[in-house]
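See below for the structure under consideration.
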Amino acid sequence: MDKKKISLTFSLLEQKWPNVKCELIHNTSFQLLLAVMLSAQTTDKSVNKVMGPILDKKKDFGPNDLKELKEEGFYPLIKTIGLAKTKAKNAVLMANIILDKFQGNVPRKDEELQSLPGVGIKTSHVVLNILYGDPLIGVDTHVYRLSQRLGWVPMSASRNQAHDVLVKILPKKYAAKANILMVNHGRYVCMARNPQCGDCVLSKVCSKEGLT
Ligand code: SF4
């Protein structure tokens, strides 16, 4: 893997997206964790549509509120998003564990976060990367697609395999921003259908794998 080319790719992405930030509505680290959990197989827009009204009503919505609502009370608030039943159940369990085991705070360690119901490697890494700039990558659909098209990850690789490749090749300098830069580029330029190769700042460094 050409390290210089990978660094150049992130430099170009940084210039393209200088003010990139997480698009999920949240005021607290707990709300970010909740929003990322809700975003599994769902767009950020759909999550914001349910989180917006919840936070309008209670700006500091936290684990105690979820505990009080219980699954029956939380489900109707998020029922428009995919897998709402499972997500409501996991969210309430997660809130209870955070209250019982972590004094109401989002755990700081990756393994602690991943021990929570509904929190897998992707969710944990995205949360820790956004909150603390930890050099972790969450391989969502955008990161997966972009890393394959760029030729960094074989088209046959699973998401877990893609993750293992990415953590090895991400330049330290960009480790804190790599995740969000790739998500943004995948979302707005390198879309699943009709990627905008003609207008893409990465055109010269991209091998456009999988595109005919
Ligand atoms: S050149 Fe095309 S395939 Fe490569 S990153 Fe840009 S939009 Fe995606």
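The values are calculated or read from the model by the stated rules, or taken from the named source; none is laboratory data. On a predicted model such as this, the values are computed, not experimentally measured, just so you know. Neighbour counts run over all protein chains shown; Cβ positions are idealised from the backbone, glycine included. For the accessible areas, the whole protein counts, side chains as well, though only heavy atoms, and no ligand, DNA or RNA atoms are used. Shrake-Rupley method; radii C 1.70, N 1.55, O 1.52, S 1.80 Å.
Taking the Cα centre of each part, how many Å lie between the stretch 75-141 and the stretch 26-47? If you average the Cα positions of each part, the centres end up 9 Å apart. Once the 1.4 Å probe is applied to the protein heavy atoms, the chain comes out at 53 Å² accessible per residue.
Heavy atoms only, probe 1.4 Å: what % of the accessible area of the chain goes to carbon and sulfur, would you let me know? Summing carbon and sulfur atoms, their accessible area is 52 percent of the total for the chain. Note on the stretch 136-212: dipole from Cβ charges, positive end direction compared against SER207, ILE169, GLY138; the farthest Cα belongs to ILE169. Computed from Cα positions, the angle between helix 121-132 and the longest principal axis of the chain comes to roughly 90 degrees. Computed extension gain for TYR132 through LYS79, at 0.36 nm per residue and net of the alpha carbon distance, reaches 16.0 nm. Each listed q (0.10, 0.20, 0.23 Å⁻¹) maps to a log10 I(q)/I(0) for the stretch 29-132, found by the Debye formula over equal Cα scatterers with no solvent: -0.23, -1.01, -1.38.
Highest mean packing first, where packing is the average number of other Cβ atoms within 10 Å per residue, the peptides 195-206, 73-84, 142-153 line up as 142-153, 73-84, 195-206. If you plug the beta carbon distance of LYS89 and VAL167 into 1/(1 + (r/R0)^6) with R0 = 30 Å, you get a FRET efficiency near 0.45. Straight distance only, please: which aspartates and glutamates reach the Cα of LYS4 with their own Cα at less than 18 Å, same-chain residues fewer than 8 apart left out? By straight Cα distance, LYS4 reaches GLU14.
Rg over Rh for the chain works out to 0.99, using Cα positions for both radii and the Kirkwood form for Rh.
In this label model, ASP199 and ASN160 are separated by 3.9 nm, measuring between points 7 Å along each Cα→Cβ vector.
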